[in-house]
Amino acid sequence: MAGIAPKRRVAPAARGERFAVVAARFNEPISKKLLDGALGALANHSVSGDAVEVHWVPGSFELAQAALTLARTRRFAGIVCVGAVIKGATPHFEYVCGAAAQGILRAGLDTGVPVTFGVITALTEEQAWERAGGAVGNRGEEAALAALEMAGWRRGLAGRRGKR
C-alpha cells in the first residue's frame, strides 16, 4: 500500500477489552516506533495500559506463531503484529515477508480473533522509517486501528445475534 492509510471508522471505545501487540526485535529501532504507534492508538481509544500485553519475538517470521498462540488463549479482542523487513541482496526478504503475511492472516482466520499486519516490507531503510512515523504515517498505529475496528465489528455482530 502506498501513501497514508485512509481514515478508519473505529468502533466506540474499547474499555474493558484486552489487546496484545507482538513486536519483532529484528530492526528493533523501527519496531519500537511501530510499537509506540500501536500503543498510542490503543490508548487514544480508551484501552488502558494494563489491558495491553506486549510480546517481543526474534523477527517478523516469528510474529505469526506468537499471534496464533496468543489468539488461541481467547484473552484478547485483537492482536497487533509489528515489525520491519528490509530487502537485502538475497531472496530471503521475499520468504520472510510472505511467511509473515500468510501466517498472520492464518492466525486470524483460524481463531476468529482479529490479528492485524503492521509489518513494514521496505526496499530500503529510508522507506521503513517513512512508514514508522515518518512522512507516510505509522503502520503500527494503522494496524492497531484496524484491530480496534475489527474488534468493534465483532462486538456489533455478537450483539445482533438472535435479532432478525
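So how many residues does the range 15-53 have that are exposed (fewer than 14 other Cβ atoms within 10 Å of the Cβ), in contact (Cβ under 8 Å) with a residue 24 or more places away in the chain and either within 16 Å of Gly137 (Cβ to Cβ) or not small (Gly, Ala, Ser) (or both)?
So the count comes out to 1.
Looking at the range 17-35 only, could you name the residues that are out of contact with any strand residue (DSSP E or B) (no Cβ under 6 Å at 6 or more places or on another chain) and closer than 23 Å to Gly88 by Cα?
Phe26, Glu28, Pro29, Lys32
Run Trp56 past the list (1) in a helix (DSSP H, G or I); (2) surrounded by fewer than 19 Cβ atoms within 10 Å (Cβ to Cβ) and report the number of the one that doesn't hold.
With (1) in a helix (DSSP H, G or I); (2) surrounded by fewer than 19 Cβ atoms within 10 Å (Cβ to Cβ) applied to Trp56, the lone miss is (1).
So that you can scan it fast, the table gives a plain yes or no per residue for (1) among the polar types (S, T, N, Q); (2) touching a helix residue (DSSP H, G or I) at 6+ places or on another chain (Cβ under 6 Å):
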{"residue": "Gly37", "(1), (2)": "no, yes"}
{"residue": "Val54", "(1), (2)": "no, no"}
{"residue": "Ser60", "(1), (2)": "yes, yes"}
{"residue": "Cys81", "(1), (2)": "no, yes"}
{"residue": "Ala84", "(1), (2)": "no, yes"}
{"residue": "Leu105", "(1), (2)": "no, no"}
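Go through Val113, Val85, Val52 for me and flag whichever is modelled with pLDDT of 95 or more and under 27 Å from Glu126 (Cβ atoms).
Exactly one of Val113, Val85, Val52 is modelled with pLDDT of 95 or more and under 27 Å from Glu126 (Cβ atoms), namely Val85.
Any idea how many residues of the range 1-46 are of a type in the set (A, V, I, L, M) and at pLDDT below 95?
8
The values are calculated or read from the model by the stated rules, or taken from the named source; none is laboratory data. The model shown is predicted, which means the values in this text are computed figures rather than measured ones. Note that each Cβ is placed from the backbone with ideal geometry, even for glycine, and that neighbours are counted across all protein chains shown.
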